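Notes for the one structure printed next.
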Amino acid sequence: MDKKSVKNKIKRLRAAINHYRYVYHVLDREEISSEALDSLKKELFDLETRFPSLITADSPTQRIGSRPLKKFKKIKRDTPMLSLNDAFSSGDIISWIKRIKKIIPDEQLDFYCEYKIDGLAFQVDYIDGVFAIGSTRGDGIIGEDVTENLKTIESLPLKIREKRAVMEDIRDMSREIKDIVAQFYNGKLSIRGEAFISRDNFKKINETRKKNGLTLFANTRNITAGSIRQLDSKVAAARKLDAFIYDLVGCDKIISHSYRHKLLKILGFKINPYSRECHSIDEIVSFREECKERRDSLGYDIDGIVVLVNNNNLFNRLGVVGKAPRGAIAFKLGLKQTTTRVKNIEVQIGRTGILTPVANLDPVDLGGVTISRATLHNYGELERLGVMIGDTVIIGRAGDVIPDIIGVVHKMRDGKEKKIIIPSRCPSCGEGINREEKGSLIIRCNNPNCLDKKKRIFTHFISRKIFDISGLGGRVIEKLIDNNKVSDPADIFSLKIEDFLDLDGFANKMAENALNSILSSKKIEMNRFIQSFNIKNVGKETATLLASNFKNPEDIMSTSLEELISIKDIGEITARNIYEWFRNKDNIKFLRKLREAGIEIIDEKKGTTLAGKKFLITGTLPSLSRDVIKKKIRLMGGKVLESVSSKIDYIIVGKNPGSKLNRAKRLKIEELSEADFLKMIDSK
Ligand code: IVH
């Protein structure tokens, strides 16, 4: 490799590492395994060792030892902290309002608009008027206890405003409101808001870090999240965070969102001064225009406006879809964008048979991450954009993760671009395809035997999210399919050792491991079981909802369509999909086969006994294989890491432990034998 390509490679590696680290530590999501991330870091480290002149202060390799601890107490809340769906245009707002009108056709709609602060969401519970617990959003229900760090935010009162003064300020309000407010002094008040750091502060902190050769923070959100999720609250204090409060939890009797803001202010909370009521789409759009104009002079970062149905009663009636309330939406200000060239188009076949055109791009950096592929979502979108091979295109991030192509830079065309041909046959199985016009042109392969589609169905089925059959990688599954050992995923459970030995390159031990892995995957929580069915529109959220309403799939099967529709937060289309899935004879056969194979549904609660605990395994254990113990840990909500760090809670030690044990001893990590571990999970 010449120096230029090394440089390029280093750049891409750093961007990827930073991205995955950010996603893992800040967003609490794992896009790639920690093993994979470690291997990227290793590759970067090796390159930098060979070319030391390319080392920079902000390289992820320079981070050693500065990783903050993440052992926070978990806080469970009754009212989940939700997220918001996004809108990008007034057209999106019009469709949002249409969806609302369908549910409450005869109601007068008024809105409340506020700035969407780009920081970190939190909740504070005041008990008897005193700051008691502060928590991050976490997964919505379970947050992390960051009380000490939130207490460093000067604008957050440690005590709500004195009762006498508050009562005086609300003297003209109703009896009901007065009673609610009085209870805040003799009970609980929970408020929610967004912590942030001013742009000035952010700049100052980065300048100091640069001088000291420390990693720079990428943006204000990053630093806010990093400061609040610190074990040492002195660090948070030094960062001088700030916060806007935007909601009062519960208190359903408070008639509107604007009223809530009024009360919050009286109680002594800092609310954003620019929020206001809007009464029409035009008013919402001009609120956003004003916000755009003000954006650069605000002194803090925002990424859009939040529009809410102002009337609280209507807001509640609109309910929640997935994890977002139907009565609110984030109207974004603009996407982060960049441009690059389309090298070619690849077709991906999804588990539902939809053909998705995916563009291979000249690698490009977008917000710190190198992008080399972007989805075009569907062929309708491809036609709408008129993308050609060789085009320079604008890439953006719709949410924050998946990059997509937003448009073509026509002026960059030189006439050599090539038209993209819409397939008339499935590129995998060669069968004819179906064209569906559902607002956009969707091309679908309906061949149940299409190999690529089948592979995607199987990969999903064995993935960690679903049956977690880690002993069967994607390659093994492909071989099993190619050799006709399985025709649907339920067949996995009746595989015999001979089936594996028949495959190329399969030795006894490997076959045994694979079988063990299958055997140990027969217990599954209801929500994951439902996800394994591949029902259209039923993802994790809906599966979880179903799991909290039904004990087993057979109960769903005997439920009427009306009953399904009446379940709160399940939309009619989804209810219909669920109903129909359970009436298809192939599906019924598939479910029966799974049950006959001994699939057993386990208690959801069991899945949280090791919640948040991190384990490391070293040496050979007396009875359990690596795969099996890892799965046990994961099933109970724990995590298995591969390298020693202070993040680890327990190290499970077998025969001939490696050097990991010594390092763990130095860090005083608690040691467990296999028996200790089994006792531990048994007693919980
Ligand atoms: S209202 C149901 N108001 O945006 C959620 N959210 O995707 C109601 N956010 O993590 C949220 N500024 O923390 C609301 N003025 C504001 C906000 C705001 C920022 C954040 C919120 C949440 C995310 C929603």
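Numbers at a glance
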quantity: Some residue of the range 250-267 being closer than 26 Å to Gly134 by Cβ and among the acidic types (Asp, Glu); calculated: yes
quantity: Pick from the range 425-445, criterion within 30 Å of the chain's Cα centre (by Cα) and not acidic (Asp, Glu), ranking: nearest to Lys479 (Cα to Cα); calculated: Cys445
quantity: Filter result (over 30 Å from Lys613 (Cβ atoms) and open to solvent by 20 Å² or more (accessible area, probe 1.4 Å)) within the range 108-136; calculated: Gln108, Asp110, Lys116, Asp118, Asp128, Val130
quantity: Enumeration of residues in the range 403-420 that are assigned to a loop (DSSP other than H, G, I, E, B), in contact with a Gly (Cβ under 9 Å, 6 or more places away or on another chain) and open to solvent by less than 70 Å² (accessible area, probe 1.4 Å); calculated: Glu417
quantity: Of the criteria (1) near the ligand (Cβ under 10 Å from one of its atoms); (2) within 22 Å of the chain's Cα centre (by Cα), which one Phe315 fails; calculated: (2)
quantity: Long-range neighbours under 6 Å by Cβ, at least six apart or interchain, first residue open to solvent by 10 Å² or more (accessible area, probe 1.4 Å) within the range 458-474, second aliphatic (A, V, I, L, M); calculated: Ile462/Ile469; Ile462/Leu472; Gly471/Ala514
quantity: Helices (runs of 4 or more DSSP H) contained in the range 426-507 and holding at least 1 residues touching a strand residue (DSSP E or B) at 6+ places or on another chain (Cβ under 7 Å) and of a type outside the set (A, V, I, L, M); calculated: 451-462
quantity: Residue in the range 333-342 that is within 15 Å of the ligand (Cβ to nearest atom), farther than 30 Å from Ile457 by Cβ and either at pLDDT 90 or above or not aromatic (Phe, Trp, Tyr) (or both) present; calculated: yes
quantity: Failed criterion for Thr559 (all others in (1) free of Cβ contacts under 8 Å to residues at least 24 places away in the same chain; (2) under 28 Å from Lys523 (Cβ atoms); (3) part of a helix (DSSP H, G or I) hold); calculated: (3)
quantity: Residue that is surrounded by the most Cβ atoms within 10 Å (Cβ to Cβ) [pool: residues in the range 593-636 that are farther than 15 Å from Ser470 by Cβ and at pLDDT below 80]; calculated: Gly607
quantity: Residue in the range 250-301 that is farthest from the ligand (Cβ to nearest atom), counting only those that are among the β-branched types (Val, Ile, Thr) and open to solvent by less than 30 Å² (accessible area, probe 1.4 Å); calculated: Ile266
quantity: Criterion (in contact (Cβ under 8 Å) with a residue 24 or more places away in the chain and closer than 18 Å to Leu333 by Cα) met by exactly one of Ser275, Ser297, Ser258; calculated: Ser275
quantity: Tally, over the range 142-158, of residues that are under 21 Å from Gly268 (Cβ atoms), open to solvent by 40 Å² or more (accessible area, probe 1.4 Å) and in contact (Cβ under 8 Å) with a residue 40 or more places away in the chain; calculated: 3
quantity: Filtered residues of the range 438-447 (kept if in contact (Cβ under 8 Å) with a residue 12 or more places away in the chain and open to solvent by 70 Å² or more (accessible area, probe 1.4 Å)); calculated: Gly439, Asn446
quantity: Residue match in the range 315-335 (condition: in contact with a Pro (Cβ under 8 Å, 6 or more places away or on another chain), aliphatic (A, V, I, L, M), outside any loop (DSSP other than H, G, I, E, B) and open to solvent by less than 50 Å² (accessible area, probe 1.4 Å)); calculated: yes
quantity: Of all residues making up the range 210-229, the number that are under 24 Å from the mean Cα position of the chain (by Cα) and free of Cβ contacts under 8 Å to residues at least 60 places away in the same chain; calculated: 2
quantity: Asp118 within 27 Å of the chain's Cα centre (by Cα), touching a residue at least 24 places away in the same chain (Cβ under 8 Å), farther than 25 Å from Pro157 by Cβ and within 16 Å of the ligand (Cβ to nearest atom); calculated: no
quantity: Residue in the range 276-293 that is of a type in the set (Phe, Trp, Tyr) and either at positive phi or touching a helix residue (DSSP H, G or I) at 6+ places or on another chain (Cβ under 7 Å) (or both) present; calculated: no
quantity: Glu277 in contact with a Ser or Thr (Cβ under 7 Å, 6 or more places away or on another chain), within 24 Å of Ser90 (Cα to Cα) and either not in a loop (DSSP other than H, G, I, E, B) or not polar (S, T, N, Q) (or both); calculated: yes
quantity: Meets criteria (in contact (Cβ under 8 Å) with a residue 40 or more places away in the chain, open to solvent by 70 Å² or more (accessible area, probe 1.4 Å) and within 16 Å of the ligand (Cβ to nearest atom)) for Asp139; calculated: yes
quantity: Odd one out for Ser190, checked against (1) open to solvent by 30 Å² or more (accessible area, probe 1.4 Å); (2) within 16 Å of the ligand (Cβ to nearest atom); calculated: (1)
quantity: Unmet requirement for Lys589, which otherwise passes all of (1) in contact with a Leu (Cβ under 7 Å, 6 or more places away or on another chain); (2) part of a helix (DSSP H, G or I); calculated: (1)
quantity: Top-ranked residue in the range 232-249 [being within 24 Å of Tyr300 (Cα to Cα), open to solvent by less than 50 Å² (accessible area, probe 1.4 Å) and at pLDDT 90 or above; ranked as farthest from the ligand (Cβ to nearest atom)]; calculated: Arg239
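Residue-by-condition table, conditions (1) in a strand (DSSP E or B); (2) out of contact with any Leu (no Cβ under 9 Å at 6 or more places or on another chain):
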residue: Asn186; (1), (2): no, yes
residue: Asn201; (1), (2): no, no
residue: Thr215; (1), (2): no, yes
residue: Thr224; (1), (2): no, no
residue: Ser227; (1), (2): no, no
residue: Ala243; (1), (2): yes, no
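The values are calculated or read from the model by the stated rules, or taken from the named source; none is laboratory data. The structure presented is a predicted model; accordingly, all values stated were derived computationally and were not measured. Using ideal geometry, Cβ is built from the backbone for each residue, glycine included, and neighbour counts are taken over all protein chains shown. Surface accessibility is based on the protein's heavy atoms, side chains included, excluding ligands, DNA and RNA. Shrake-Rupley method; radii C 1.70, N 1.55, O 1.52, S 1.80 Å.
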